[in-house]
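Working notes, beginning with the structure itself.
The values are calculated or read from the model by the stated rules, or taken from the named source; none is laboratory data. Since the model is a prediction, treat every value here as computed from it, not as a measurement. In this analysis, Cβ positions are derived from the backbone assuming ideal geometry, glycine residues included, and neighbour counts consider all displayed protein chains.
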Amino acid sequence: MSSMEELLASWNEKFRLHADGAQLPPHHTHCLACGPDNPHGHHLTVNRRGEEVHATHVFDERHVGAPGIAHGGAVATVFDDLFGFLLYLTGGPAVTRKLEVLYDSPVILGTTYDLAARVVRTEGRKLFMEADMKQLGGSRVASASALFLSVDVTHFNQGLPI
């Protein structure tokens with residue numbers, strides 16, 4: 001079995017109900033946002049809180065856009081991955097169809113941010129999601145909305161080598 005096939009097989013265990021308060025497993029060890037073994041990643045750690053997922057995050061020099069400020073794409077990556085953790089609560093894999101990020105103020109490197117995401121509604125295969133990023137103990141600096149489409153795990157076979 002290839003490493004990609006092993007990864008896909010492991011998802012069956014991940015897409016299940018996790019207890020409230022549980023730390024959710026990374027999507028895979030080299031995921032750009034949550035993979036603990038990705039040297040360029042964000043190493044996002046996410047917990048379930050009721051029907052939401054929560055994380056704290058500090059952007060560092062690997063994520064710089066303008067001096068001292070996180071690159072907008074790095075912020076979008078964290079939001080996109082946070083939405084991906086909601087799939088552990090909905091019971092199956094899905095893919096990003098649309099992601100919109102609103103930046104209220106600069107996301108400063110070295111600052112701790114609280115993030116929270118939730119599914120606001122579903123329509124068939126469509127999952128509509130929202131998230132907020134707030135400075136620890138402070139005001140919102142960014143928010144995001146997304147549309148994900150539920151897919152069968154075989155969708156990811158497209159990434160397998162021929």
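Need pairs with beta-carbon distance below 7 Å; first residue in contact (Cβ under 8 Å) with a residue 24 or more places away in the chain and closer than 18 Å to T56 by Cα and within segment 100-117, second in a loop (DSSP other than H, G, I, E, B) and among the aromatic types (F, W, Y); sequence gap 6+ or separate chains. That search, which allows pairs on different chains as well, returns V107/F59; L109/F59. Take the conditions (1) touching an Asp or Glu at 6+ places or on another chain (Cβ under 9 Å); (2) within 16 Å of H18 (Cβ to Cβ); (3) not aromatic (F, W, Y); H57 misses just one of them, which is (2).
Residues in segment 28-52 that are surrounded by 15 or more Cβ atoms within 10 Å (Cβ to Cβ) and farther than 25 Å from L109 by Cα: H28, R48, E52. Just so you know, in segment 128-148 the residues that are more than 15 Å from L102 (Cβ to Cβ) and either more than 15 Å from the chain's Cα centre (by Cα) or at pLDDT below 95 (or both) include one that is surrounded by the fewest Cβ atoms within 10 Å (Cβ to Cβ), and it is G137. Would you pick out the residues in segment 53-67 that are free of Cβ contacts under 8 Å to residues at least 60 places away in the same chain, surrounded by fewer than 16 Cβ atoms within 10 Å (Cβ to Cβ) and of a type outside the set (D, E)? V58, R62, V64, A66, P67 - these are the residues of segment 53-67 that are free of Cβ contacts under 8 Å to residues at least 60 places away in the same chain, surrounded by fewer than 16 Cβ atoms within 10 Å (Cβ to Cβ) and of a type outside the set (D, E).
Reported count of residues in segment 94-111, each being out of contact with any Leu (no Cβ under 6 Å at 6 or more places or on another chain) and more than 11 Å from M133 (Cα to Cα), is 8. Taking segment 97-127 as the range and being part of a strand (DSSP E or B) and either more than 17 Å from V78 (Cα to Cα) or at pLDDT below 95 (or both) as the test, the residues that pass are V120, R121, T122, E123, K126, L127.
Any residue at all in segment 68-75 that's closer than 20 Å to G138 by Cα, touching a residue at least 60 places away in the same chain (Cβ under 8 Å) and either part of a strand (DSSP E or B) or not charged (D, E, K, R) (or both)? Yes, segment 68-75 contains a residue that is closer than 20 Å to G138 by Cα, touching a residue at least 60 places away in the same chain (Cβ under 8 Å) and either part of a strand (DSSP E or B) or not charged (D, E, K, R) (or both).
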